[in-house]
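Only one structure is covered here, and it is reproduced in the block below.
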Amino acid sequence: MAQSKLKLLDKLSFQDLDGDAEFIPLMSAEDEDAMHKEDLPDTLPILPLRNTVLFPGVVVPITAGRDKSIKLINETNKGNKIIGVVSQKDESEEEPGIDDINTIGTVAQILRVLKMPDGNTTVIIQGKKRFEVVDVLQTQPYMTASIREVGEARPENESDEFLAIIDSIKEMALQIIKVSPNIPSEAAFAIKNIESSSFLINFVSSNLNISVEEKQALLEINNLKDRALETLRYMNIEIQKLSLRNDIQSKVQSDINQQQREYFLQQQMRTIQEELGGSSIEEEIDEMRVRSKKKKWSKEVHNHFEKELTKMQRMNPQVAEYSIQRNYLDLLLDLPWDHYSKDKFDLKRARKVLDRDHYGLDDVKKRIIEYLAVLKLRNDMKSPILCLYGPPGVGKTSLGKSVAEALGRKYVRMSLGGLRDEAEIRGHRKTYIGAMPGRIVQSIKKAGTSNPVFVLDEIDKISASHQGDPSSAMLEVLDPEQNNSFYDNFLELGYDLSKVMFIATSNSLSTIQPALRDRMEIIHVTGYTVEEKVEIAKRHLLPKQLKEHGLDKGALQIPKKQLEKIVEGYTRESGVRSLDKQIAKMVRFAAMKIAMDEPYEKKVTNEIVVEALGSPKMERGKYENNEVAGVVTGLAWTSVGGDILFIESAISKGKGTLNLTGNLGKVMKESATIAMEYIKSNAEALDISPDIFDKYNVHIHVPEGATPKDGPSAGITMLTSLVSLFTQRKVKKSLAMTGEITLRGKVLPVGGIKEKILAAKRAHIKEILLCEENRRDIDEIKEEYLKGLTFHYVKDMSEVLEVALTKEKVKNAKTL
């Protein structure tokens, strides 16, 4: 019998103690009777098995892996070759004790021991009788226990019912073999040739597709008939599962189409990627899920993330939507949901930071300190929307960075110049290829906190197009009552922007949508005086340029007098951007001298300024003399601050036409027409002969014809120029004026007063003529800006002419 067993060894499936085994029926009825008559010893070495239950009569190959098991097999194989085999309760237990094994097991005989090429020991054993562990005698070098035989109740005379059960088991076993693709067809031959009923039951039980616990329960059934019925029950369940599985496969089976082919290729690519050290899609999804558990987000966001992650798991990685979905989930994980940086409420420190970085700008600094004070007291105030409005180069943008440092917040800057696509603000919908979130959400993600200082640069330069109106999209961003749930088209969720401190910058308010302007608190950042520019250059610009050009702090010194020369002779602006460029030229001039080992003066003189920068270029902006009739100095507001302009009038013989030149706008031309009509209607009161208007042509010119000019501010300047021309009376020396006129001769107020006053000071104007209603604008300006200026406030044109014109006529006055 042993030889016949060994002939079939090549058909056995050799597996370790953790695996299942394939069993081969090799026992006849005579062999079974002989086996039952054998006596059992009182003690046996016990071999615990992890995943296998051995039944009487069944042959099974096992591979011994534990040291105790190998020692037991080697020693027993030299003796009577009889061991006790029991299954473990917990397969993970490496050193099982009496409490870790089942007490009912099977006595086994070692048929053969094989040394495998990998160094493991494989043993072929056959079950004989069942036994019960009475007591463990020793555990070293392997477990030994006292045992007693467990009898088996068999029908003395096999009844028709028992035989029917046996036939059912055999038929169902053949049926399972037939429908199961994993069982070889040779197994049917073995089943048909089994003669013993008990061996058939044990053989089928050991090969059932059930758990170790269920097999152990079958082994512990003493009544053979009951064990047969229980085995039959498990076989019924198995045949139903196989039938159902085959039905499903037959329904869904179809030829592999292109999509399935791509899927299998993708699976192969994934495997190759893993072999090369990359991460698989499953690993990435698991990583995302782990990261999501660390996020402090609401239940709504969490549920939405889980839903979108599940959607990504079902996607084919080859489709275009997969990358969009991946980017979307990354965005959800990267956004700082409910993560806020802690504000610093040290108001004295904040004031020092603002004063350190910016000279002047007292109104802006005062507003920031007020905001900090209120936030310190309430700690839940919604961030205001500040709009710094003023000319270029006055420090509006850099002020935002200083505010962020003073508050201890992250700093984010977003340039809106030329923005014309609404999707830049709100993002694209995920249905589009290449969809991405708007720049608001992207900037918040980059900042890493939900309460940064967010500078919206050049908000007045947003433009509308066929792609939408971004300024309208900004309404939700900058509305403190709505931005607590800002909706981004890509994000598809409301994001809280109420804790973000938005600071917008603008050069002009006229181009900002009125509804958007209404949502912001306008803070006027005016230009700097000459004294302030000198101080800024000394504190900030010169040290910065020395550092950028690789020079030491003491490598170049520009005294205050020379700084004033640079400011007045080489720049004409409200800010300090051009001044910064001129100082950079001075530093480069010194750097060139140092690099060429040429001698140079560290302390700059006027001659060095001229050598480095050339002759002064801005002298034409200075006040001109009043020796020519019809030339009057006016004040204008430009996008770069205040400026002075000259209105020139001349007459020539003709038919009384009025000509206007100088690139003037519609409003400015209307002012000239109104001034001319006022003079005609009040000629006698102004001591002007009415015949002049029919005999002479009048020409009004505003120099710098390449520069467009418009606005009503030059009204009184044009009127004064014409009256001075017609009467040949001098205009008061060092006088400038600004104001709008009406046909009745009323003088109306104008804007940009502070910028115009600074421009007048730069031009060394001594007296300024304004409308009476502009007095309130002067009251709001610091006294240091008004030093050296005299103001004349007027209500109508007669007062203007009385103040502006002298009784003295110009030399060589024309006789009209």
Of (1) at pLDDT 75 or above; (2) surrounded by 12 or more Cβ atoms within 10 Å (Cβ to Cβ), M269 satisfies every one except (1)
Margin query: Please determine whether any residue of the stretch 552-569 is touching a residue at least 60 places away in the same chain (Cβ under 8 Å) and either of a type in the set (D, E) or farther than 22 Å from V394 by Cα (or both).
Written below: yes
When restricted to L8, L12, L44, the only residue modelled with pLDDT of 70 or more, touching a strand residue (DSSP E or B) at 6+ places or on another chain (Cβ under 6 Å) and not assigned by TED's automatic domain parsing to the domain that holds I201 is L44
Condition first: in a loop (DSSP other than H, G, I, E, B), closer than 30 Å to E300 by Cα and either at pLDDT 85 or above or of a type in the set (A, V, I, L, M) (or both). Can you find one or more residues in the stretch 349-366 that meet it?
no
Per the list (1) over 22 Å from S211 (Cα atoms); (2) without any contact (Cβ under 8 Å) to a residue 40 or more places away in the chain, residue check on R112 breaks on (2)
Over the stretch 105-149, the set of residues surrounded by 21 or more Cβ atoms within 10 Å (Cβ to Cβ), over 20 Å from N222 (Cβ atoms) and of a type in the set (G, A, S) is A145
Output yes when any residue across the stretch 199-214 is more than 18 Å from T52 (Cβ to Cβ) and surrounded by fewer than 17 Cβ atoms within 10 Å (Cβ to Cβ), and no when none is.
no
The condition of being touching a Phe, Trp or Tyr at 6+ places or on another chain (Cβ under 8 Å) and of a type in the set (A, V, I, L, M, F, W, C) holds, among I147, I169, only for I147
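With the requirement that a residue be charged (D, E, K, R) and over 47 Å from the mean Cα position of the chain (by Cα), what does the stretch 587-610 give you?
Result: K593, D597, E598, E601, K602, K603, E607.
Please pick out the residue among K754, K766, K746 that is in contact with a Ser or Thr (Cβ under 7 Å, 6 or more places away or on another chain) and surrounded by fewer than 19 Cβ atoms within 10 Å (Cβ to Cβ).
Testing whether each residue is in contact with a Ser or Thr (Cβ under 7 Å, 6 or more places away or on another chain) and surrounded by fewer than 19 Cβ atoms within 10 Å (Cβ to Cβ) leaves just K766.
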Across (1) of a type outside the set (A, V, I, L, M); (2) modelled with pLDDT of 90 or more; (3) surrounded by 18 or more Cβ atoms within 10 Å (Cβ to Cβ), F646 clears everything bar (2)
Subset of the stretch 766-816, residues without any contact (Cβ under 8 Å) to a residue 12 or more places away in the chain and either closer than 22 Å to L725 by Cα or hydroxyl-bearing (S, T, Y) (or both), comes to E802, N812, T815
#### Entry: Flag for L613 being over 30 Å from V803 (Cα atoms), modelled with pLDDT under 90, within 51 Å of the chain's Cα centre (by Cα) and surrounded by 14 or more Cβ atoms within 10 Å (Cβ to Cβ)
yes
I194 vs (1) within 28 Å of G105 (Cα to Cα); (2) surrounded by fewer than 19 Cβ atoms within 10 Å (Cβ to Cβ); (3) of a type in the set (A, V, I, L, M): all pass except (2)
Considering the stretch 649-669, residues that are in contact (Cβ under 8 Å) with a residue 12 or more places away in the chain and assigned to a helix (DSSP H, G or I), and then whichever is surrounded by the fewest Cβ atoms within 10 Å (Cβ to Cβ), we arrive at K666
Flagged in the stretch 718-743 as buried (at least 24 other Cβ atoms within 10 Å of the Cβ) and at positive phi, in numbering order, are G739
Checked against (1) more than 24 Å from S615 (Cβ to Cβ); (2) charged (D, E, K, R); (3) under 40 Å from the mean Cα position of the chain (by Cα), K533 satisfies every condition except (1)
If we keep only residues of the stretch 474-506 that are surrounded by fewer than 21 Cβ atoms within 10 Å (Cβ to Cβ) and of a type in the set (G, A, S), then the residue nearest to G417 (Cα to Cα) is S498
Flagged in the stretch 559-582 as buried (at least 23 other Cβ atoms within 10 Å of the Cβ) and either among the hydrophobic types (A, V, I, L, M, F, W, C) or assigned by TED's automatic domain parsing to the domain that holds I753 (or both), in numbering order, are L563, I566, V567, V576
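Rundown of residues vs (1) part of a loop (DSSP other than H, G, I, E, B); (2) closer than 27 Å to V85 by Cβ; (3) outside the structural domain of Q126 (by TED's automatic domain parsing); (4) touching an Asp or Glu at 6+ places or on another chain (Cβ under 7 Å), yes/no style:
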{"residue": "A164", "(1), (2), (3), (4)": "no, no, yes, no"}
{"residue": "D167", "(1), (2), (3), (4)": "no, no, yes, no"}
{"residue": "P184", "(1), (2), (3), (4)": "yes, yes, yes, no"}
{"residue": "K215", "(1), (2), (3), (4)": "no, yes, yes, no"}
{"residue": "M235", "(1), (2), (3), (4)": "no, yes, yes, no"}
Among strands (runs of 3 or more DSSP E) entirely inside the stretch 49-142, those with 3 or more residues being more than 30 Å from E195 (Cα to Cα) are 121-138
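The values are calculated or read from the model by the stated rules, or taken from the named source; none is laboratory data. Predicted model, so just to flag it, every value in this text is computed and none were measured. Every residue, glycine among them, receives a Cβ derived from its backbone with ideal geometry; neighbour counts consider all protein chains shown.
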